[in-house]
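First the structure, in the form of structure tokens, and then the observations on it.
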Amino acid sequence: MPKVPGAFRFLKLPVSLQETLLHVLLAAVISVSVMAFPLNFIEAPLFDLRQSWSVKPSIDERIAIITIDDQTLNQLSEVSPLPLKYHQKAVEEFERQEVKAVGYLVDFNKVQRLDDPGFHSESVQEFYRSTVRLNAQGIPFMLGIPYDMGGELSPPYPLSQIPQSVAIIHKDGATFGRDKVTRRALVSLYDKMTFEMALANRVYSNESIQNPPGTYKSADAEAQYFFFRLHQSEGRVYDPEYENFAYPRYSFADLVEGKIPERTLKDKIVLVGSFQRETPSDFTLLNSLQNPVPIPKLLVQANILDSILNQQGLAEIPPTPLAILCFLLSVIVVIASFRIRPTRLIGLTIVLLAGMALISLLLFQPIPLLGNRWLPLGAPILSLTLSFYLMIPLRLYSEHRKRFALEKENRILHEVEELKTNFIQLVTHDLKTPVARIQGLTEQLRRSLGETLKLEDRDLIEHLLGANHELNNFIGSLLELTKLDSQGIRVSLQSRDINPLLESVVSKLRFNARSKKITIETDFEPLFPIRIDSELISKVLSNLIDNAIKYSPENTTVFLATRETGDRVTVTIRDEGPGIPESEIPNLFSRFYRIKNDQNYRVKGTGLGLYLSKYFIEAHQGTIEVQSKNGAGTTFTLTLPVNLQEKDLIQAGLRFKNPVTKFDQKKENAHA
């Protein structure tokens, strides 16, 4: 973790709280920075991806479509746009079919230019009177008029008196995707309702249709928009191969020739418009993903009208909750970057990204009370990415500082360890000669004086020899330890039966047991020979049995047992001594460690026996375990493999493992 800034230290808060405040500050800076930038270049394709994967609501069966298509032109032997007489016939047919309403998306300025001879005042008046008659019968008839840079393009008089509104298929440009893809619909322009909204309000004038959910105002464009939903029927929105619409579609030629069965369009809101394969202006893109398929504009307008009638707009999550979400994601990554491994941090970041994508897709679905909401993913994704890539260098810098400090401490510890080893070797070698001389002279003194010694003098000499023997054992243990530290150990495998080894050790220690009136009971199961280093295993057995005798009170029993379990041989050594406190057991096999109680201080020892025993057993790929409770005796259990091979050993010259030091623990934590 980087150093805590002076401002936080000035607050005199606990270090952990200062670090948490620093994490929160970093996350806040990241989230505020992300929210300050427009991310439409990310949002647009992500929006399209969710649009592709989301479930589409079913179509509103009140809507039908009449297309002035290639079939119409061929069947009527005309060119586009059609003469006014056919539009007059269409209005009459709508009246006969008893439709609910008509949205007429035909540019009559083009009709006038192409049909100038037939576009005389009487024909126009007749068409106008027909539309007025429809409106009078409660069948709203509305024109959808185009819009260009100069404003609305109203049809020629008297058609300009027919109810009309601007019909615009919006394409994202400067303010969102910049890719000319249709994702949003206009609700109003310059405070006037656009075609689909106006038509819905005229059809259901008594209900006053509200703006769809998610409608927002753009001050720059003086307009209101909403993200509309696509609708499907039989699993499709549009089939370009067969030109199938999700909504019922009929050819304009069949309408004017009376080929549509009577009452087929009864109570339908009918949209009439152009749909010609070779006319690019009749199509728009609904998706920016790979190989997008153009969709007929007339079908898009039907989906917009459907979304308005059924209040199915996509409501964008407001900026404030989005900013809070970005902040929380950044906090998680920033805090985690200093508490878990980098590999796990990568996994956490991926999980958070996947979770956000899943939640956003779930909210995008048309689920009552939950769905129809658009959660922008650009800011959360950027927050997670920036947090990850900014924290990794800080983590590396922090780890570098820790590693440098640990390496420095390691060098010092190794120097101290080397000085200690050299000192022990020097002292033990120099002590071994005078100790041997003391023993020899003492034994010579005992032999030469013989029977002339008084009883108390004999006891003094025996005590002197015993103390000298203990000192010699201590020096021998230190020499063995330093030898293992510097040269390692070589395990020489031989096929030996464990039982005879135990019997040999017991015979050597039986005198010590008798002197304390301790009984040694054995329960040896017949065993096959196993491959072991008999010298090392004998040292282990001797040390454990000797400890059991030394630490057991008089008139107790030491129990020995052997068993073969699967591919392991087990040796159990149990005593009835004072036991070992549970708090002491984790340190029992440490170097120079002795249990801290009055009973153990009266028993002489180096604190190396169990340490060396554990190492010799592990060198055989075995285990040594201890079970004990204070005042309830102690049980040591050794397990050795039956079929140990040379290749199973760690290496030919096995190095002696030093105990885990404080430095080693720090280093391990740093790498974690």
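Here, each number is a calculation from the coordinates, and none is a lab measurement. Everything numeric here is computed off the predicted structure, so don't read it as measured data. Note that we place each Cβ from the backbone using ideal geometry, even for glycine, and neighbour counts take in every protein chain shown.
Given the -39500 (n - 2.57) contribution per DSSP H run of 4+ residues, what per-residue ellipticity at 222 nm results for the chain, rounded to the nearest 500 deg cm²/dmol? Working shown, then result.
Working: 19 runs with 318 residues, N = 672.
Taken over the chain, the calculation gives -16000 deg cm²/dmol.
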What does the charge count around Lys180 come to, taking other residues whose C-beta lies under 10 Å from its C-beta (Lys +1, Arg +1, Asp -1, Glu -1)?
0
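Tally Lys/Arg at +1 and Asp/Glu at -1 over every other residue whose Cβ is under 13 Å from the Cβ of Phe94; what's the total? Walk me through the intermediate numbers first.
Details: positive: Lys89, Arg96, Lys100, Arg133, Arg263, Lys266, Lys268; negative: Glu92, Glu93, Glu95, Glu98, Glu262, Asp267.
That works out to +1.
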Have a look at the DSSP beta bridges in segment 489-654 and tell me what percent are antiparallel, nearest 5.
80 percent
Which residues qualify? For Ala315, with a placed amide H closer than 5 Å and at least 5 residues away or on another chain, they are Arg373, Trp374
(i) -0.31, -0.88, -1.28; (ii) -0.63, -1.00, -1.22; (iii) -0.41, -1.05, -1.36, with the label sought being that of the calculated log10 I(q)/I(0) by the Debye sum over Cα atoms at q = 0.06, 0.10, 0.12 Å⁻¹
(ii)
In nanometres, the difference between 0.36 nm per residue of separation and the alpha-carbon distance of Ser208 and Glu257 is 14.0 nm
Given R₀ = 30 Å, FRET efficiency for Asn244-Glu78 by Cβ-Cβ distance, to 0.05?
0.75
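To make sure I understand, if each residue's beta carbon is the centre and we count other beta carbons within 10 Å, what order do Val34, Val166 fall in, fewest to most? All intermediate terms of the calculation are to be shown ahead of the outcome.
Details: Val34 25, Val166 21.
Going from sparsest to densest Cβ surroundings: Val166, Val34.
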Treating only the Cβ of Lys, Arg, Asp and Glu as charged (+1, +1, -1, -1), what charge dipole size does the chain show about its Cα centre? Round to the nearest 20 debye.
2780 debye
Here segment 267-273 yields Karplus 3J(HN,Hα) values (6.51, -1.76, 1.60; θ = phi - 60°; whole Hz; Gly and Pro given as x) of 6, 9, 8, 9, 9, 10, x
If you fit an axis through the alpha-carbon atoms of helix 534-550 and take the longest principal axis of the Cα set of the chain, what angle between them do you get, 0 to 90°, nearest 10?
80 degrees
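Would you mind counting up the charge near Lys629? Only other residues with Cβ under 15 Å from its Cβ, with Lys and Arg at +1 and Asp and Glu at -1. Mind dumping the intermediate values first?
On the way: positive: Arg574; negative: Asp575, Glu576, Glu582, Glu584, Glu625.
Charge balance near Lys629 sits at -4.
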Over segment 58-311, what is the relative contact order in percent, taking alpha-carbon pairs closer than 8 angstrom and at least six residues apart?
32 percent
With a point put 7 Å past each Cα toward its Cβ, work out how far Arg129 is from Ile392 in nm, to one decimal.
7.9 nm
I'd like the Karplus ³J(HN,Hα) series for segment 515-522: coefficients 6.51, -1.76, 1.60, θ = phi - 60°, whole numbers in Hz, and an x wherever there's a Gly or Pro.
5, 9, 6, 9, 8, 9, 9, 10
Considering only DSSP beta bridges with both partners in the chain, what is the antiparallel share in %, to the nearest 5?
60 percent
In degrees, nearest ten, helix 297-309 long axis to first principal axis of the chain (Cα)
70 degrees
Rg from C-alpha atoms of segment 58-311, normalised by the globular rule of thumb 2.2 N^0.38 Å, equals 0.97
Phi angles of segment 105-116, converted by Karplus (6.51 cos²θ - 1.76 cosθ + 1.60, θ = phi - 60°) into ³J(HN,Hα) in whole Hz with x for Gly and Pro, give 9, 10, 8, 6, 5, 5, 4, 5, 5, 7, 10, 4
The simple spin-label model distance between Gln365 and Ser590, using points 7 Å out along Cα→Cβ, in nm, is 5.7 nm
Most exposed first by the Cβ proxy, i.e. fewest other Cβ within 10 Å, how do Ile498, Ile68, Ile346 rank?
Ile346, Ile498, Ile68
Helix 121-136: inclination vs the chain longest Cα principal axis, degrees, rounded to 10, gives 60 degrees
